[in-house]
Amino acid sequence: GAGVSQTPSNKVTEKGKYVELRCDPISGHTALYWYRQSLGQGPEFLIYFQGTGAADDSGLPNDRFFAVRPEGSVSTLKIQRTERGDSAVYLCASSLEFGSPLHFGNGTRLTVT
Amino acid sequence: AQSVTQLDSHVSVSEGTPVLLRCNYSSSYSPSLFWYVQHPNKGLQLLLKYTSAATLVKGINGFEAEFKKSETSFHLTKPSAHMSDAAEYFCVVSEIQGAQKLVFGQGTRLTINP
């Protein structure tokens, strides 16, 4: 009965470094979403997967951000050459299928120093 | 593009009194609207969802919201606040009909006074 799991829960990195954030969706959920929540703001959509493919990546802010879901389950959000402005909580959510309710993880708090 | 405006960044009420969290939306079609709650260090939890079946939507923990098309509003209410209701609340619109590409409001922090 596990929910959406995100690791690590906290990540501190230096400006310019590369980071990977992991999301384990609920077993059997075909849709997976990444959102970013900056301090004092509501979450903002980044990317959505249906199965292995990115169905909509229009929310990725620039080409330093990339996400994969190679086997249609676990997803990794990758950020290259991190900047201080990337500091935020990165949220992952999954749903049974397109249009079903989302189940959110607790997020990864990324701090870029 | 769809958007939501939460009219209060912070609401404070006494335990046992009514709660009103205000939300106005902008949408080019009949929207799907949601309220989510976020407790500290917890994931976002769906409170309730409107998808055009009924204008008054009942959610979990005694919350409900009324969709008013003429006012483009979707305010969240609860008759009697409980200490455990203290959290951040987000009004959300779905950008694509039927999809979960959600557009969140800025959030309203609800504080409950004993």
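The values are calculated or read from the model by the stated rules, or taken from the named source; none is laboratory data. Computed from a prediction, not measured in an experiment: that's the story for all the values here. Using ideal geometry, Cβ is built from the backbone for each residue, glycine included, and neighbour counts are taken over all protein chains shown. Each accessible area value is taken on the protein alone, full model and side chains, heavy atoms only, with ligands, DNA and RNA left out. Shrake-Rupley method; radii C 1.70, N 1.55, O 1.52, S 1.80 Å.
Scanning segment B:100-109 for residues that are open to solvent by less than 30 Å² (accessible area, probe 1.4 Å) and part of a strand (DSSP E or B), which turns out modelled with the lowest pLDDT? Applying the filter and picking the extreme gives B:102. Every condition in (1) open to solvent by 70 Å² or more (accessible area, probe 1.4 Å); (2) more than 30 Å from residue A:50 (Cα to Cα) holds for residue B:112 except the one numbered (1). Select, from B:72, B:55, B:51, the only residue that is of a type in the set (S, T, N, Q) and touching an Asp or Glu at 6+ places or on another chain (Cβ under 8 Å). Selected residue: B:55, the only one of B:72, B:55, B:51 that is of a type in the set (S, T, N, Q) and touching an Asp or Glu at 6+ places or on another chain (Cβ under 8 Å). Of the residues in segment B:42-50, not one is at the interface with another protein chain (Cβ under 9 Å from one of its Cβ atoms), touching a residue at least 60 places away in the same chain (Cβ under 8 Å), open to solvent by 20 Å² or more (accessible area, probe 1.4 Å) and out of contact with any Leu (no Cβ under 7 Å at 6 or more places or on another chain).
Residues that are buried (at least 17 other Cβ atoms within 10 Å of the Cβ) and among the hydrophobic types (A, V, I, L, M, F, W, C) were ranked within segment B:51-75; the one that is nearest to residue B:112 (Cα to Cα) is B:63.
State whether the residues of segment B:79-99 include one that is of a type in the set (Asp, Glu) and open to solvent by 70 Å² or more (accessible area, probe 1.4 Å). For segment B:79-99, residues of a type in the set (Asp, Glu) and open to solvent by 70 Å² or more (accessible area, probe 1.4 Å): absent.
One residue stands out in segment B:1-25 among those that are part of a loop (DSSP other than H, G, I, E, B) and under 13 Å from the mean Cα position of the chain (by Cα): the one that is surrounded by the fewest Cβ atoms within 10 Å (Cβ to Cβ), namely B:9.
Can you say whether residue A:70 is in contact with a helix residue (DSSP H, G or I) (Cβ under 9 Å, 6 or more places away or on another chain) and assigned to a loop (DSSP other than H, G, I, E, B), as far as the supplied structure shows? For residue A:70, the condition - in contact with a helix residue (DSSP H, G or I) (Cβ under 9 Å, 6 or more places away or on another chain) and assigned to a loop (DSSP other than H, G, I, E, B) - is not met.
Within segment A:73-86, can you find the residues that are outside any loop (DSSP other than H, G, I, E, B) and out of contact with any Ser or Thr (no Cβ under 8 Å at 6 or more places or on another chain)? Result: A:75, A:76, A:77, A:78, A:79, A:85, A:86. Tell me, which residue of segment B:26-37 that is open to solvent by less than 20 Å² (accessible area, probe 1.4 Å) and outside any loop (DSSP other than H, G, I, E, B) is farthest from residue B:63 (Cα to Cα)? Ranking the candidates gives B:33 first. Of all the listed residues (A:60, A:46, A:91), the sole one being within 14 Å of chain B (Cβ to nearest Cβ), modelled with pLDDT of 95 or more and either surrounded by fewer than 18 Cβ atoms within 10 Å (Cβ to Cβ) or outside any strand (DSSP E or B) (or both) is A:60. In segment A:79-93, the residues that are without any contact (Cβ under 8 Å) to a residue 60 or more places away in the chain reach residues that are surrounded by fewer than 16 Cβ atoms within 10 Å (Cβ to Cβ) and part of a loop (DSSP other than H, G, I, E, B) with C-beta atoms within less than 7 angstrom, at least six apart or across chains, in these pairs: A:88/A:38.
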